[in-house]
There are 4 protein chains.
Amino acid sequence: MRKGFASDNNSGVHPAIFKAMTNANQGHVRGYGDDQYTGKAIAVFRDTFGPDTEVFFVFNGTGANILGLSSVTHSFNSVICAETAHIEEDECGAPEKFTGCKLLPVKPVLGKLTPELVEHHLKGFDFEHHSQPKVISISQVTEMGTVYQPKEIRALADLAHSHNMYLHMDGARIANAAVSLNMGFKAITKDCGVDILSFGGTKNGMMMGEAVVFFNPELTNHTKYLRKQSMQLFSKMRFIGAQFQAYFEDDLWKESASHSNKMAQYLKEEVSKIPQIEITHPVEANGVFARIPKEIIEPLQEHFFFYVWNEKESEVRWMTTFDTTETEIREFVLLIKTLLKNN
Amino acid sequence: MRKGFASDNNSGVHPAIFKAMTNANQGHVRGYGDDQYTGKAIAVFRDTFGPDTEVFFVFNGTGANILGLSSVTHSFNSVICAETAHIEEDECGAPEKFTGCKLLPVKPVLGKLTPELVEHHLKGFDFEHHSQPKVISISQVTEMGTVYQPKEIRALADLAHSHNMYLHMDGARIANAAVSLNMGFKAITKDCGVDILSFGGTKNGMMMGEAVVFFNPELTNHTKYLRKQSMQLFSKMRFIGAQFQAYFEDDLWKESASHSNKMAQYLKEEVSKIPQIEITHPVEANGVFARIPKEIIEPLQEHFFFYVWNEKESEVRWMTTFDTTETEIREFVLLIKTLLKNN
Amino acid sequence: MRKGFASDNNSGVHPAIFKAMTNANQGHVRGYGDDQYTGKAIAVFRDTFGPDTEVFFVFNGTGANILGLSSVTHSFNSVICAETAHIEEDECGAPEKFTGCKLLPVKPVLGKLTPELVEHHLKGFDFEHHSQPKVISISQVTEMGTVYQPKEIRALADLAHSHNMYLHMDGARIANAAVSLNMGFKAITKDCGVDILSFGGTKNGMMMGEAVVFFNPELTNHTKYLRKQSMQLFSKMRFIGAQFQAYFEDDLWKESASHSNKMAQYLKEEVSKIPQIEITHPVEANGVFARIPKEIIEPLQEHFFFYVWNEKESEVRWMTTFDTTETEIREFVLLIKTLLKNN
Amino acid sequence: MRKGFASDNNSGVHPAIFKAMTNANQGHVRGYGDDQYTGKAIAVFRDTFGPDTEVFFVFNGTGANILGLSSVTHSFNSVICAETAHIEEDECGAPEKFTGCKLLPVKPVLGKLTPELVEHHLKGFDFEHHSQPKVISISQVTEMGTVYQPKEIRALADLAHSHNMYLHMDGARIANAAVSLNMGFKAITKDCGVDILSFGGTKNGMMMGEAVVFFNPELTNHTKYLRKQSMQLFSKMRFIGAQFQAYFEDDLWKESASHSNKMAQYLKEEVSKIPQIEITHPVEANGVFARIPKEIIEPLQEHFFFYVWNEKESEVRWMTTFDTTETEIREFVLLIKTLLKNN
C-alpha cells in the first residue's frame, strides 16, 4: 500500500529496531522478562528517568494505560481525563472494565486539561456515595496534536498531589512531545510531577511494546500480578527488550520523532497555502488537523489513506511518521490542488 | 544462554517465520488487522478449518483463552477445567477477573478430563443461586504432556452439548498434539465437537500471536469488542498475520512440532536407561516429566535450565522445542549420569 | 429527631405499609420470592403495566439501576445519562464496577436530557475501538426536582430505539412524577417507550425494596442470575412483596406522593415571598432548590436538617415527604425569616 | 403455609425484633447509618467484640461475605474455601464477579477445612503467574450442620497468618454455633484468630441485615466505599440497627438459637429411632441431614416442605428454626412413620 497519513501505527518497524530484534533471536533465554535484553532495556529506562524508576513492559498502549491506572486505583475511584482522551474514546471501555473506576471526561481546550477545567470534579472526597477522584490523566502529545508545556503539566501535577491524587500521562507519542519541546523525557515527565507514564514506542517505529513507568516504586506493589492478570505479560519478552534498547541507542527515538514532526510542519506549511484548506489546531507534533472541502475527501483517500476526524465539520487528521518523505507530501499536496481545481 | 529444557517459549523465533516478518516490514498498511497479511492468515485458517470459521488474533495464550471464554459466557456462568489447567493455575486469575465466571477445577487423570470426572459439576441448571455451567475447557496437549484421543474429545463435546454448553480447547501446543496423533488440526478439533479453540503458535516457533478460532460464527457477535476491551488488539497486526502465514506454509508447524516431539521421545528413551530416574507421565508430545534424585537438580540446572514441577515429589519437567538438538540431549544425559556417579 | 427537609429517605415507613409487613409476619413461607406475598405484588405490577411485564424486586435503588442496566448491556457498551444522574453521581461507581460499561455524562437542561443533548454520543457504532452505546438513562423525577413530559420521554425512546438502544428510567420518585403529571404509571413509562424501569418505593413511604420492571420479557433472560450475583436477592422476600401490595392498595402511593408534592408547592410559595431567597429550579415534584443567604444555612440546619446542593452557589435542596406537615413548613419558614432579620 | 424444615430463612421475624422495628418507625432520622439506632447497634457489637471492632451493616449474607472479602483482597488474590461453602456453591459467582478473585475449593471433612486440607493451595506466593492466596474462608456453622471447635479455628487462623493471609468466617449461623459450643461470640471468633466475620441475623429471627465485623480496623480503609459500590448501603439503616439492638438485648439471639438447636436434637433423636432413616452428619446445630427412603420424600414434602440435599444419595436436609415446635416435630415424625408403613 502507498504510504498515507492515516496513523503513525500504519507504518512498519524502523530498520534499526528490526535489526535489534533479529540479533535477539539467538538461542534460548528465560521467558517473561528474566533475560538480558529486558534487563538492559530496564537499565536504559533507569538511566533516563533515575535509578528508582520501575518499568513494566506490555504489548500495547491500551495495556499500558490500564496497567498504570489499575496499579494506583481501587474500583471505587475515578479518573479525570479529556473527553478526547484515548482512555475515554478509543479503548472500548477497557479502563472501566478492568479497573472498575469511573472516568470523568472533561471538555478540553486544544486537547488539553487545565486545573480550572479539572477542578469541577475534585469533590465528594470521603463521601461514600461518590466515586473517589484518584487520577488525573493527560495525553502527551494530546489527541489533537498539541503539546503540554512543562509548566502546564506541573500545574496539573500539583493540583493532583494536593488532593492525594496521581498524575498519569498517556505518552503514546511522548517522543514527539519531547522533540517538540526540545527537552528530555525526564524533564517533561518526572520533573514536572508526573507519577505514572505510559511510554509509547509503537507509534514511533517499534513493532509493539510499551512501557509503564512508575516514578515512585511504592506504587508498583501489585503491578506484576496485574500485568499478568491483564493478559499483558509477554513470554518472549526479549523481543520488546531488544526493541527498546535500539530505540534509545544513539537517540534513535529523537531522530525518528524529529523527522515526523518536521514532516508535519512541512505538510502544514504546504496545505496552508491552499485557500480552501483551514488548519484547525496548532501543529505541534506529528499530526495535522484540517478542514477541507468535503468533495475531495474520498478521491484523496483513494490515493493516500487517512481518517476523517469530524464528519460534520469536514475535518480530517493527517499523521506523519518516521518514514514519511517530502516527496510523498509534495505528491499529496499536488493531488489536493488537482482535485480542488477539478471541482 | 545455553539452550535448556525449561519451556517451549524460551526458544526464539523459527528463521522462516522471522523472514516472513521481515518481508512484511514494507511500507504502510492499515492497522488493527485490515491488511493483506492478516487477511491471508485468516484465509489459511479457513482453508484449514472450513469456510465459516471465525478467527481473531491476539497477543498471547492467556489473551486467547480469555477472549474465547468471554465470547460465550456471562458473568454468572461457570467453566469446568482440570485443576492443572493453564486457566486455573497459570493466569493469575485473568479468567475470573475478565469474565466474572467461576472456575470449577477437577482433579484430572493423566492431565485429562473425562465425562465421569466432569459430571459432578453439571448441576444447578436454572437455579439462580448456582453459577450456571457453560463451558468445559480442556488443554491439548495437556499440562502433563499427555494427548487427548479424538474419541475422548468427542465424549466431552457431546456431554457439553447435551447440557447446552460449549467445549473450549486451550491449544497452546495443538501442533504437538496433531503430530502426536498424526492427524490434521480440523480432525482433532472441529470434527470432534470443539466449539472454541485457542490456537497457539508461540510455543512452536512464533514470536507472539495466538488465534482464537470459533467454529460457529454466531458465537462471535461480541468478540471484536471484547478483543479490544481485553487489550488484545494489535495495531501492527500484519506482524502476526505474516507469522501465521509462514507457520502454515509448507506445513512448517508440522516440521517444527514433529521435531520437538521426536526430541522428547529421544530424551525419554535416554533417561529411561538411567535406573535412578523414573518417567512419571506418558510422553506423548514435547514434555518429559520425571522423578530424579533431588541432589542433582541444582547442579543440572546450572548447565541446562528447567523447572521443578513438584518439589515434594522431586519431579521435574523437561520441554523440548523446534530447535532442540540431539547433541544437546546427549550432553544433558551425559551430565545427568556424571552427576549421579559423583553422588 | 425533628423532621427536616434533607431527603425523602429520612422519613420512616408509612403506617399502612408497616401494617402490611406485620401481617406478613405469620408462619413460614418459601424464601427468595416463591411466596404468596411476592406473587401478589408481581400480579399488581402486571395489572398496572400489562400482563407481559417482568418484575424483579431488589433491596435498593442502586441495586435496581444496576440490575436493569446489566440485564441489557455487555461490558463493552456505554450508557448515556445526565451528569447529575444518580448512576453517575451517587452510586460510587457501582454501574461501572458491576456492568463494566462506560457512562457518558451529558450536561442536562433543568436536569433533563433531550435528543439534541444526547446525539453527540450516538457514534462509533460497529467500531471496535469505541464503547458501543446501548442505553439512554433518565431519572423521573430528575435529580433537580423537574419532571419529564411524556412527549419528552417518547422523543428519547424513539431516538434510543432508532439506534437499537434501550431507554432506562430511574424512577426512584416515579410516584411523585405520576402525581405531578396527573397520569398513571403505565402512561408515563411503557406507553412512552421506556424499556426498563427502576420503580422506587423507599422514597415514598416504604422501608426498603425497589422493583426492576421490564416491558419486554426477552430482556430478562439473565436477570434472575444477575440479581443473585449482584447480592440483591432477598431471602425473606415476602417483606418486600407485602410492602408493594400495600403501596398499590387504594392508591396509597398516590396519596403519599400527592401530599409530598403539595407540601413542596406550599414550601415554594412560602419561601418565594422572602426576597432574599431565590428558587433555582421549577418545583414540579417534592424537591425545592433555592439560593439562600450563606449565613443562615448552618443555624437553619441546626433545627431542620437539609443538604447544601451547591456550596459555591449557596444553593440548598429541600425535600418534602409523605409525612411532612404544613405546620412544619410554617415553622421552617418562620425560622428563615427570623434568621434573616437577625442578620 | 404450614411450617416445614426447608430453611431457617423460611421463618418470619421474631416478635421482639419486629417490635423494635416498629418502635424505630418514629419521625425522621438521617439516612445511611447516621442515626441513633445504628449507632447503638454498633456500640453493642463493640461491647461484644471489643472497642476497636469495625462493623458494617449490609442487606444479606452474600453481601456480607463479598464486602468482607473485597475489603482485604485484590483481584489477583485467591480465597480458599470448602467446596460446600456458601461462597462457592450458593452465591451465583458473586465473589468472583465482585472481587475478581479465584476461589479455590477444597473437599472438606464433615463440612470443615483443616490445615492439612488447605495446605495444598498455599503455594505460588510471589509468582506472578499464580493467583496469590490471601484468605481462608470457613463457615460456622458449616453447611453440613457441623461446628468448628475453637482450636480448629485457631489452627486455621495460625496457618493463614503465617502466610500473611486472613481468616474469614461466614457466620450466617454463628449464633447456633455459639450456643452449640456454649461460648460467647468473641471467644469463637476474634479470640481464635478470625480476622473478618460475616455475622448473620436473618437465619435466627431477623428480617434482614447482616454485619460485617472486622477485628483489625486497618482492614476497613475502603470498606465504606465498597459497601456503597456493592449496592449494600441501606438508606433507612435504622431498621437494621433496631433489629440488631433487639437481637442482642437480653441475649435474644441465644434464646432463639438454643431453641432451634434443641429442636434439631429432638428431631434427630426421634428419626434415629426409625430404622429406615440414617443420620448422615453429626447434628451439632440446627440442621439434620438424613438418608431416607426415596419414595417417601415427595409425599412428605407435600405436608412439610424441605430440600433434597443429594438426590443420588436420597439425602435430605431438615432445618429447625427459632419457632419450630415440638408438636410440629412429632407430627412430622408421625407422618414419616405412616408413610413408611404404607410403602
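What follows draws every value from the coordinates through simple rules; no lab data is involved. Because the structure is predicted, anything quoted here is derived from the model rather than measured. Cβ: placed from backbone, ideal geometry, glycine included. Neighbour counts: every protein chain shown.
Every helix of 4 or more DSSP H residues in the protein assembly as shown counts as -39500 (n - 2.57), and over all residues that averages to -12000 deg cm²/dmol at 222 nm. With N counted as the residues of region B:254-342, its alpha-carbon radius of gyration over 2.2 N^0.38 Å works out to 1.01. Which one, D:Gln276, D:Gln149, D:Gln140, has the greatest fluctuation when you compute a Gaussian network model over chain D with C-alpha springs under 10 angstrom? Greatest mean-square fluctuation among the candidates belongs to D:Gln276.
Only beta bridges with both residues in region A:15-251 are counted; by DSSP, about 35 percent of them are antiparallel. Distance between the modelled labels on D:Val109 and D:Phe127, one decimal in nanometres: 2.6 nm (7 Å Cα→Cβ projection). Remark: C:Lys224, A:Lys123, D:Lys186 ranked as A:Lys123, D:Lys186, C:Lys224, counting other beta-carbon atoms within 10 Å and listing the fewest first.
Could you tally the net charge around D:Thr280, taking each other residue with its Cβ under 9 Å from the Cβ of D:Thr280, Lys/Arg +1 and Asp/Glu -1? Overall, the nearby charge balance is -2. Rounded to the nearest 0.05, the FRET efficiency derived from the C-beta distance between B:Asn164 and A:Lys341 at R0 = 56 Å is 0.30. Taken about its Cα centre, the protein assembly as shown carries a charge dipole of about 0 debye when Lys and Arg each add +1 at the Cβ and Asp and Glu each add -1 at the Cβ. Of D:Asp47, D:Asp8, B:Asp195, the sequence from fewest to most neighbouring Cβ atoms within 10 angstrom is D:Asp47, B:Asp195, D:Asp8. The Cα-based radius of gyration of region D:1-132, divided by its Kirkwood radius, gives an Rg/Rh of 1.06. With the gyration tensor restricted to C-alpha atoms of region A:175-299, the semi-axes of the equivalent ellipsoid amount to 35, 17, 15 Å, longest first. Here the residues A:Thr280, C:Thr327, B:Thr38, ranked from fewest to most Cβ neighbours within 10 Å of their Cβ, fall in the order C:Thr327, A:Thr280, B:Thr38.
So what is log10(I(q)/I(0)) for the protein assembly as shown at q = 0.06, 0.08 1/Å, when the Debye sum runs over its Cα atoms only? The computed values of log10 I(q)/I(0) come out as -0.58, -1.03.
Projected label points at D:Glu218 and D:Asp251, each 7 Å from Cα along the beta carbon direction, are separated by 3.6 nanometres. All other residues whose Cβ lies under 11 angstrom from that of A:Cys192 are scored, Lys and Arg at +1 and Asp and Glu at -1, for a net of 0. What would the Debye formula give as log10 I(q)/I(0) at q = 0.07, 0.11, 0.15 Å⁻¹ for the alpha-carbon point model of chain B, no solvent? Taken in order of the listed q values, log10 I(q)/I(0) reads -0.30, -0.72, -1.25. Cross-link pairs exceeding 28 Å in C-alpha to C-alpha distance, out of A:Lys186/D:Lys134; D:Lys112/D:Lys228; C:Lys107/C:Lys294, comprise A:Lys186/D:Lys134; D:Lys112/D:Lys228. By the compact-protein rule of thumb, 2.2 N^0.38 Å, the alpha-carbon radius of gyration of region B:12-78 corresponds to a ratio of 1.40. The simple spin-label model puts a point 7 Å past each Cα toward its Cβ; for D:Glu278 and B:Glu269 those points are separated by 5.4 nm.
Over the protein assembly as shown, what is the percentage of antiparallel beta bridges among all DSSP beta bridges, to the nearest 5? About 50 percent, rounded to the nearest 5. Contact order for region D:15-251, expressed relative to its length and based on alpha carbon pairs under 8 Å spaced 6+ residues apart, stands at 31 percent. Among residues other than B:Met165 with Cβ under 11 Å from its Cβ, the summed charge is -1 (Lys and Arg +1, Asp and Glu -1).
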